[in-house]
Amino acid sequence: MAPIVVGDSLPDGDLAWFDESDQLWMIPIHSLAAGKKVVIFGVLGAFTPICSMNHVPGFIESAEELKSKGVDEILLISVNDPFVMKTWAKSYPENRHVKFLADGSSYYTHDLGLELDFSEVGLGIRSRRFALLVDNLVVTVANIEEGGGEVTISGVEEILKFL
């Protein structure tokens, strides 16, 4: 499947999310993005070094700035189970705005065309690093990394340039 690009409609799909009361929800992405400006970013996996020390903290630290520039929702997607995502989210007590969404079977990541196979190193199917800016379900920015290395175009600094 071809990766999502600027001008594409955001596909719908259910992702798992624990709310602030630790209740598990299967939430349609369209319910979070319809009629809104949202940032959706994806990482290789919870607790992985680059994701945990660079990619995710950048969005958490810049959340207020993103909100001040008109972003309604900041959504993190990872191919992990919801319990791992809940624990990972709690490791950032300063987080007030980034929702940690689990795509446990990578169905949604597949629908975005952003799967990456890391089976050779024991990680299975994962997501490419990416950052999307979506306005009322239409992709206006699609910053997709080529491999699983450093954060270059999918970091918060790059998204801020478009706001």
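The values are calculated or read from the model by the stated rules, or taken from the named source; none is laboratory data. These figures come from a predicted structure and were not determined experimentally. Ideal geometry is used to build each Cβ from the backbone, glycine not excepted, and the neighbour counts take in all protein chains shown. These area figures cover heavy atoms from the full protein model, side chains too; ligands, DNA and RNA do not enter into them. Shrake-Rupley method; radii C 1.70, N 1.55, O 1.52, S 1.80 Å.
Treating only the Cβ of Lys, Arg, Asp and Glu as charged (+1, +1, -1, -1), what charge dipole size does the stretch 1-139 show about its Cα centre? Round to the nearest 20 debye. Numbers along the way, then the final one.
Working: 11 positive and 19 negative charges, 53 e Å.
The calculated dipole for the stretch 1-139 is roughly 260 debye.
How about the stretch 38-99: which chymotrypsin sites (Phe, Trp or Tyr not before Pro) there lie in a loop by DSSP and see at most 14 other Cβ atoms within 10 Å? Please list the in-between numbers first.
Numbers: sites: F41, F47, F59, F83, W88; in loops: F47.
Listed in order of number, the matching sites are F47.
Taking the Cβ of K86 as the center, what net charge do the other residues with Cβ under 13 Å away carry, scoring Lys and Arg +1 and Asp and Glu -1? Can you show the working numbers first?
Values: positive: K90, K99; negative: D19, E20, D22, D81.
Local charge sum for K86: -2.
Rounded if a/c is under 1.5, else prolate if a/b beats b/c, else oblate: with a ≥ b ≥ c from the C-alpha gyration tensor eigenvalues square-rooted, which is the stretch 23-81? The partial results should precede the final answer.
Numbers: a/c = 2.47, a/b = 1.16, b/c = 2.12.
Cα axes put the stretch 23-81 in the oblate bin.
Shape call for the stretch 111-163 from the C-alpha gyration tensor, a ≥ b ≥ c root eigenvalues: rounded (a/c under 1.5), prolate (a/b greater than b/c) or oblate? Before the final figure, lay out each step's value.
Values: a/c = 4.05, a/b = 1.74, b/c = 2.33.
Since a/c reaches 1.5 but b/c is at least a/b, the shape of the stretch 111-163 is classed as oblate.
What lysines sit close enough to K37 to cross-link, taking a C-alpha to C-alpha distance under 16 Å and skipping anything fewer than 8 places away on the same chain?
Here the lysines satisfying the reach criterion relative to K37 are K67, K69, K99, K161.
Could you give each residue of the stretch 131-144 its phi-based ³J(HN,Hα) in whole Hz, using Karplus coefficients 6.51, -1.76, 1.60 with θ = phi - 60°, and x for Gly or Pro?
Once rounded to whole Hz, the list reads 9, 10, 10, 10, 10, 6, 6, 10, 6, 9, 9, 9, 9, 10.
Give me the percent of the accessible area of the chain that comes from carbon and sulfur atoms, probe 1.4 Å, all protein chains in place. List each step's numbers first, then the result.
Working: 4030 of 7620 Å².
Its accessible area is 53 percent carbon and sulfur atoms.
By per-residue mean of other Cβ atoms within 10 Å, what is the highest-first order of 106-114, 120-128? Show your work: numbers first, answer last.
Values: 106-114: 19.8, 120-128: 14.1.
Packing proxy ranking, top to bottom: 106-114, 120-128.
Put +1 on the Cβ of each Lys and Arg and -1 on the Cβ of each Asp and Glu in the stretch 58-163; which of Y108, W88, G58 then has its Cα farthest toward the positive end of the dipole?
The residue sitting farthest along the positive end of the dipole is W88.
Rounded, prolate or oblate: which fits the stretch 34-119, taking a ≥ b ≥ c as square roots of the Cα gyration tensor eigenvalues, rounded meaning a/c under 1.5, else prolate when a/b beats b/c? Don't skip to the answer; put the middle values down first.
Numbers: a/c = 1.89, a/b = 1.29, b/c = 1.46.
Note, shape of the stretch 34-119 comes out oblate.
Excluding ligands, DNA and RNA, what is the solvent-accessible area per residue of the stretch 18-163 at a probe of 1.4 Å, expressed in Å²? Before the final figure, lay out each step's value.
Working: 6690 Å² over 146 residues.
I get 46 Å² per residue for the stretch 18-163.
How high is the relative contact order of the chain? Use alpha-carbon pairs under 8 Å, at least six apart in sequence, and give a whole percent.
Values: 332 pairs, mean separation 50.0, N = 163.
Normalised by residue count, the contact order of the chain is 31 percent.
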